[in-house]
Amino acid sequence: MSAKQSWIASQGTPLQGTLAIPGDKSVSHRAVMFAALADGVSRIDGFLEGEDTRSTAAIFSRLGVRIETPSASQRIVHGVGVDGLRAPEGELDCGNAGTGMRLLAGLLAAQPFDSVLVGDESLSRRPMRRVTGPLSQMGARIDTEEDGTPPLRIHGGQPLQGIDFVSPVASAQVKSAVLLAGLYAQGETSVTEPHPTRDYTERMLSAFGVDIEFSPGRARLRGGQRLRATDIAVPADFSSAAFYIVAASIIPGSEVVLRAVGLNPRRTGLLTALRLMGADIREENPGEHGGEPVADLRVRYAALRGAVIPEDVVPDMIDEFPALFVAAAAAQGQTVVSGAAELRVKESDRLGAMAHGLRTLGVTVNETPDGATIHGGAIGGGRIDSHGDHRIAMAFAIAGQLASGEVVIDDIANVATSFPGFDTLARSAGFALRAA
Ligand code: S3P
């Protein structure tokens, strides 16, 4: 194995410019999956050329789907129909992608053939019973390791029954896995969530011609439906934009415009939180991109104040806490996060990784089981372990821009899972960030 890569972040210049953020990860995964299952040829524009979404595309190639790559951000998918996937040879590698593995679990549980889903070190530690539980209730047979982690050994050929699933966790991945299995099940399948989560699966299935009823927190479809090919335009990923939103908000003198960012309301909780803290973020040129609301975001530096983050906004910013923690460290006063225990089972334990990392840089953070209180103040230099988590690595690259000394960030290769080119774009905007 090659040595782990590191970055050195230090104080740069105020951020300036108009930045193009890559395509949305959640939408890109689903676009490939649903296009593969559709009858006919679909074209995807704005596809995220990241490792996670490339893993998903590679899996569908192994399942017999022809996928062309006319350019890095385009895919042409020759759908095989809901009953056209072929048994793969060998294991299917989801890489670092929880979305890939959990959605595929629902889909592959319904196929006539066996399959095995594996992932990298981080994904191999993540909980899968949240999907294998409801899928077994539908009649699926999936073995996990004893502690409920991957690999997932899926025994195909099981007839599935629709269920009314009341999910104990607010998770779009769980909801989506059940709905995808539901497409193949007898009768109707419904999912009710404790808090509404991102609804890309519902919106996109509907765009592919599936009759699906959905409203915030609830979705219902009938099994036995087919998908009709359609073209998908992927908006820029809000979760990737989030790092620049926070960076421009906390680096004095900054002003950036982030072009055509996806603003699905189930994703934009960070805007609510930052505005509570006094951020200056304006939405300009509102429009629609592939059925999703988008706008340019103009972000100017503002002196942030600490805030209590309302718990009901947590699911709408579930991927944005690493960035928020850095905003909180740069703010005046305390920021309180609670109701965010899910952060402990992401690509890393994000509460632990952020609390520990910020403390290393001299910031006072009191961690609780489901959150933390961050005391804003001076940020110093130090050496940070990103735990191979892309969002932890990018968050500390921002912290480094304000730090009084150098911040060395170890194990950063996984930034390419969601945001290839983050460092090049960051340097073009004003970051001081270099390979160690
Ligand atoms: C995702 C759902 C969220 C999110 C992840 C992507 C999706 O996970 O954290 O990055 O595409 O459905 P959970 O469903 O586990 O909350």
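The values are calculated or read from the model by the stated rules, or taken from the named source; none is laboratory data. These figures come from a predicted structure and were not determined experimentally. Virtual Cβ from ideal backbone geometry, glycine too; neighbours counted across all protein chains shown.
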| message | Can you pull out every residue in the stretch 320-375 that is charged (D, E, K, R), touching a helix residue (DSSP H, G or I) at 6+ places or on another chain (Cβ under 8 Å) and more than 16 Å from the ligand (Cβ to nearest atom)? | response | Glu367
| Is the stretch 398-405 home to any residue that is modelled with pLDDT of 95 or more, under 18 Å from Asp237 (Cβ atoms) and crowded, with 23+ Cβ neighbours inside 10 Å? | yes
| said: Return the residues of the stretch 55-79 that are touching a residue at least 12 places away in the same chain (Cβ under 8 Å) and hydroxyl-bearing (Ser, Thr, Tyr); say none if nothing qualifies. | reply: Ser55, Thr56, Ser73
| remark: By residue number, the members of the stretch 92-127 that are surrounded by fewer than 16 Cβ atoms within 10 Å (Cβ to Cβ) and under 19 Å from Val65 (Cβ atoms) are Pro112, Phe113, Asp114
| request: Give the stretch 218-252 a look and list any residue that's of a type outside the set (A, V, I, L, M), within 14 Å of the ligand (Cβ to nearest atom) and outside any helix (DSSP H, G or I), or say none. | output: Pro235, Asp237
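Yes/no matrix, rows are residues, columns are (1) surrounded by 15 or more Cβ atoms within 10 Å (Cβ to Cβ); (2) hydrophobic (A, V, I, L, M, F, W, C):
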| site | (1), (2) |
| --- | --- |
| Pro159 | no, no |
| Ser176 | yes, no |
| Gly187 | no, no |
| Thr192 | no, no |
| Phe208 | yes, yes |
| Ser215 | no, no |
| If you go through the stretch 275-299 one residue at a time, how many are farther than 17 Å from Asp237 by Cβ and among the aliphatic types (A, V, I, L, M)? | 3
| Filtered residues of the stretch 299-323 (kept if part of a strand (DSSP E or B) and surrounded by fewer than 23 Cβ atoms within 10 Å (Cβ to Cβ)) | Arg300, Arg305, Val308
| request: Mind listing whichever residues of the stretch 334-345 are of a type in the set (A, V, I, L, M, F, W, C) and part of a helix (DSSP H, G or I)? | output: Ala341, Leu343, Val345
| Matching residues, the stretch 192-209, being away from the ligand (no atom under 12 Å from the Cβ) and touching a Leu at 6+ places or on another chain (Cβ under 9 Å) | Leu205, Phe208, Gly209
| query | Looking only at the stretch 406-426, which residues are of a type outside the set (A, V, I, L, M, F, W, C) and within 19 Å of Ser239 (Cα to Cα)? | reply | Asn414, Thr417, Ser418, Pro420, Gly421, Asp423, Thr424
| Count - residues of the stretch 6-22 that are surrounded by fewer than 24 Cβ atoms within 10 Å (Cβ to Cβ) and within 22 Å of the chain's Cα centre (by Cα) | 2
| Which pairs do you get when a residue that is assigned by TED's automatic domain parsing to the domain that holds Pro293, found in the stretch 256-271, comes within reach of a residue that is part of a helix (DSSP H, G or I) and surrounded by fewer than 20 Cβ atoms within 10 Å (Cβ to Cβ), reach meaning Cβ atoms under 6 angstrom, with the pair 6+ apart or on two chains? | Gly269/Val313
| query | Filter the stretch 167-185 for residues that are more than 12 Å from the ligand (Cβ to nearest atom) and farther than 26 Å from Glu311 by Cβ; which is farthest from the chain's Cα centre (by Cα)? | reply | Ala185
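State yes or no: is Arg130 away from the ligand (no atom under 16 Å from the Cβ), modelled with pLDDT of 95 or more and surrounded by fewer than 20 Cβ atoms within 10 Å (Cβ to Cβ)?
On the way: away from the ligand (no atom under 16 Å from the Cβ): no; modelled with pLDDT of 95 or more: yes; surrounded by fewer than 20 Cβ atoms within 10 Å (Cβ to Cβ): yes.
So Arg130 fails the test.
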| query | With respect to Asp296, is the statement that it is acidic (Asp, Glu) and either in a loop (DSSP other than H, G, I, E, B) or outside the structural domain of Ala397 (by TED's automatic domain parsing) (or both) true? | reply | no
